[in-house]
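Visitor: Sharing a structure here in structure tokens format.
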Amino acid sequence: MMAIMIVPGIVIVLTGMVKMALMPREVALVWGIVWAVVTYTITMWVTGLSMPEVLGYLGDKNILVMGFIEILVFMAYLFYNGRGKKVLMFYPGLMLGYPVALLSLGMSRMVAGLDFMAVSFIAASVTAVALTGGVSVLRWMKCDRMWLYTLSLISLLVYIIIYGTV
């Protein structure tokens, strides 16, 4: 069950990082900080829940449906040329909350005996470093809109396969 949850998480992270690499540097950095704060908050929330409650939130087909909707937003960003293009340019991919929640779940259950605030801070630091580092590497690799298109199609394929098996 956990592998079925991790595969869409990896696809979501890659797609989100490519989308953030297409943003201006300052905006991508701000979103990296925002996701670090979100990670801290989610980790504090996850530590107070039991494992069945967390799996009830994360193992739902609704996550895959929301992933489909986000891919539609990414496709609109790629192919739409109207006024809304400027708004879509700053959309980071809100489905990054799912892999962040998986990271929070893993960190909170892996480290026993450590203060919850410390675990939350470590998870937030890992998120900030991973996102900003990944976006920097993608910029160095000259990531363009074709990468987002390709990853969006791969994401759709993964969502369809996993939705059929769950």
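Visitor: Could you compute how much accessible surface M89 exposes when probed at 1.4 Å, giving the result in Å² to the nearest 10?
Guide: For M89, the solvent-accessible surface is approximately 60 Å².
Visitor: Something else now. Starting from the residue with the highest accessible area, list K85, K142 in decreasing order, probe 1.4 Å.
Guide: Ranking K85, K142 by accessible area, largest first, yields K142, K85.
Visitor: Could you report the accessible area of Y149 in Å², rounded to 10, computed with a 1.4 Å probe on the protein chains as they sit in the structure?
Guide: 80
Visitor: What do you get for Rg/Rh of the stretch 1-118 when both radii come from the Cα atoms and Rh is the Kirkwood radius?
Guide: 1.02
Visitor: Top to bottom by accessible area (1.4 Å), largest first, where do E70, E26 land?
Guide: Working: E70 10, E26 130 Å².
My answer, sorted largest first, is E26, E70.
Visitor: With every protein chain kept in the model, how would you rank I122, I162 by accessible area, 1.4 Å probe, largest at the top?
Guide: I122, I162
Visitor: Arranged from highest to lowest average of other beta-carbon atoms within 10 Å per residue, in what order do the peptides 7-13, 61-67 appear?
Guide: Answer by packing, highest mean first, reads 7-13, 61-67.
Visitor: Follow-up. Mind checking which lysines have their Cα closer than 28 Å to the Cα of K85? Skip sequence neighbours fewer than 8 apart in that chain.
Guide: Result set, ordered by chain and number: K19, K142.
Visitor: Considering the stretch 75-155, what Rg and Dmax in Å follow from its alpha-carbon atoms?
Guide: According to the Cα coordinates of the stretch 75-155, Rg and Dmax are 16.6, 53 Å.
Visitor: Take every Cα pair under 8 Å in the chain that's 6+ residues apart, average their separations, divide by the length, and report that relative contact order as a whole percent.
Guide: 48
Visitor: Grab the DSSP H runs of the chain that are 4 residues or longer, score each as -39,500 (n - 2.57), total them, divide by all residues and round the 222 nm result to the nearest 500 deg cm²/dmol. If you can, show how the numbers build up before the last one.
Guide: Working: 8 runs with 134 residues, N = 166.
Here the helix-only value at 222 nm equals -27000 deg cm²/dmol.
Visitor: Continuing with this model, one more query. In the full protein assembly as shown, how much of S125 is accessible to a 1.4 Å probe, in Å² to the nearest 10?
Guide: Per-residue accessible area (S125): approximately 40 Å².
The values are calculated or read from the model by the stated rules, or taken from the named source; none is laboratory data. Since this is a predicted model, take the numbers as computed values, not measurements. Please note: Cβ atoms are built from the backbone with ideal geometry, for glycine as well, and neighbour counts cover all protein chains shown. Only protein heavy atoms, including side chains, enter the accessible area calculation; ligands, DNA and RNA are left aside. Shrake-Rupley method; radii C 1.70, N 1.55, O 1.52, S 1.80 Å.
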